[in-house]
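The values are calculated or read from the model by the stated rules, or taken from the named source; none is laboratory data. These numbers were taken from a predicted model, which means no experiment stands behind them. Cβ: placed from backbone, ideal geometry, glycine included. Neighbour counts: every protein chain shown.
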Ligand code: LLP
């Protein structure tokens, strides 16, 4: 990563977004999807910053939302309401009403009870809403336990054994129209074979249930390379869509949708921080940053490793460090025993690949300020 602006101009910690890389990533994803006529709905949960959303919308992506506020943000950023899908295992009545009011493209429904509520609220607004059934296919995503969603033990989706009854029930509801099947089995899926297995499972399910399904939504999950972000900063979208195309049976007139988040925005973002102190103990050295788990919680929550780069020193002499934040708990640790150029107080440090599930998951723990956002074209939003 090279910075084409002076990172010292801004108060740390802050997220820095390379919008040029994001533009190239989105263009590549769209180009590969369009080879097969597939649709991408960007998962706002991974990063909902307005400049990024505007860029993704301009590239032709739709939106995948999981809260009323995300639906509103997508609308405010100019996404066509018909390109918005709304998922989530616990949609409130207000959130459902908001989606109905804006005529969004699809509600991805997670239970029969939710569908009954949508029926009531749609009838009250005098509308017919389009829904997809989020089906839990019981496919293992082979990823971190906390971000696995497609197993029977998970809270998500309608179980396969419930499906026939739900389909029959939906047929009787006048204000709800079933148009699709939706799946999402997990995130940071590195094994492409998992997507092939998912497609085969989807084929079985659509064969077994004789309903006229207009679209199939395979969810998100494509992984990002956290180890070496400068090699292949743009994920293998061609490989991903090829697998879908090869394994998914698509009937005449059916459309295929996906909901990518991480793979689109992770690499364009870095958390920029300054070294407050270097603490030398007998057996190890600590680098204490001014960024902590309140700014980037992924290492503490999932044991995630973000590549760490000293932006102030590229010296050849290195030392091993534990890189930690200032927060009063030991889980506030970004990495242990990493080799970095000899580092000093005042050095700038980048935590790489932090564009997805970084800023959106920041908190004010310890009454800290939320990190700011800086964009490569120079604009700053706090
Ligand atoms: N669709 C649904 C229904 C989802 O639940 C998710 C992510 C996505 C799409 C987007 O998945 P992606 O393409 O980004 O993998 N905070 C965690 C990740 C949580 C993912 C939640 N769902 C992390 O930092 O790793």
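Observations
- The one condition from (1) assigned to a loop (DSSP other than H, G, I, E, B); (2) over 22 Å from residue 253 (Cα atoms); (3) under 19 Å from the mean Cα position of the chain (by Cα) that residue 219 does not meet is (2).
- Of all residues in the range 147-168, those satisfying the criterion of being under 21 Å from residue 90 (Cβ atoms), surrounded by 14 or more Cβ atoms within 10 Å (Cβ to Cβ) and touching a helix residue (DSSP H, G or I) at 6+ places or on another chain (Cβ under 9 Å) are 147, 150, 158, 162, 163, 166.
- Checking each residue in the range 334-372 for being closer than 14 Å to residue 49 by Cα, within 16 Å of the ligand (Cβ to nearest atom) and assigned to a loop (DSSP other than H, G, I, E, B) picks out 354, 355, 356, 357, 358, 362, 371.
- Selection status of residue 220, surrounded by 20 or more Cβ atoms within 10 Å (Cβ to Cβ), modelled with pLDDT of 95 or more, more than 30 Å from residue 171 (Cα to Cα) and touching a strand residue (DSSP E or B) at 6+ places or on another chain (Cβ under 7 Å): no
- Residues of the range 155-213 that are touching a residue at least 60 places away in the same chain (Cβ under 8 Å), under 30 Å from residue 355 (Cβ atoms) and part of a helix (DSSP H, G or I): 198, 202.
Results for (1) at pLDDT below 95; (2) within 14 Å of the ligand (Cβ to nearest atom); (3) within 23 Å of residue 251 (Cα to Cα), shown as yes or no for each residue.
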position	(1), (2), (3)
141	yes, yes, no
144	yes, yes, no
154	yes, yes, no
171	no, no, yes
175	no, no, no
185	yes, yes, yes
197	no, no, yes
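- Qualifying residue in the range 89-101 (condition: within 16 Å of the ligand (Cβ to nearest atom), surrounded by 23 or more Cβ atoms within 10 Å (Cβ to Cβ) and either in a helix (DSSP H, G or I) or at pLDDT below 95 (or both)): yes
- Among the residues of the range 3-52, those that are over 19 Å from residue 230 (Cα atoms) and modelled with pLDDT under 95 comprise 6, 8, 9, 10.
- Within the range 332-357, residues that are more than 11 Å from residue 310 (Cβ to Cβ) and free of Cβ contacts under 8 Å to residues at least 60 places away in the same chain reach partners that are within 16 Å of the ligand (Cβ to nearest atom) and in a strand (DSSP E or B) with beta carbons closer than 7 Å, at six or more positions or on different chains, in the pairs 334/351.
- Looking only at residues of the range 132-146 that are surrounded by fewer than 20 Cβ atoms within 10 Å (Cβ to Cβ) and outside any loop (DSSP other than H, G, I, E, B), we find that the one that is nearest to the chain's Cα centre (by Cα) is 146.
- Looking across the range 293-309, the residues that are assigned to a loop (DSSP other than H, G, I, E, B) and surrounded by 20 or more Cβ atoms within 10 Å (Cβ to Cβ) come down to 293, 294, 295, 296, 306.
- All positions within the range 267-292 that are more than 26 Å from residue 222 (Cβ to Cβ) and part of a loop (DSSP other than H, G, I, E, B): 281, 282, 283, 284, 290, 291, 292
- Residue-level analysis places residue 324 outside the set of residues that are closer than 29 Å to residue 20 by Cα, crowded, with 17+ Cβ neighbours inside 10 Å and away from the ligand (no atom under 16 Å from the Cβ).
- Residue check, residue 232 surrounded by fewer than 22 Cβ atoms within 10 Å (Cβ to Cβ), away from the ligand (no atom under 16 Å from the Cβ) and part of a strand (DSSP E or B): no
- On inspection, residue 264 does not qualify as assigned to a strand (DSSP E or B), crowded, with 24+ Cβ neighbours inside 10 Å, within 16 Å of the ligand (Cβ to nearest atom) and at pLDDT 95 or above.
- Unique residue being farther than 16 Å from residue 279 by Cα, at pLDDT 95 or above and not in a strand (DSSP E or B) when the list is 312, 331: 331
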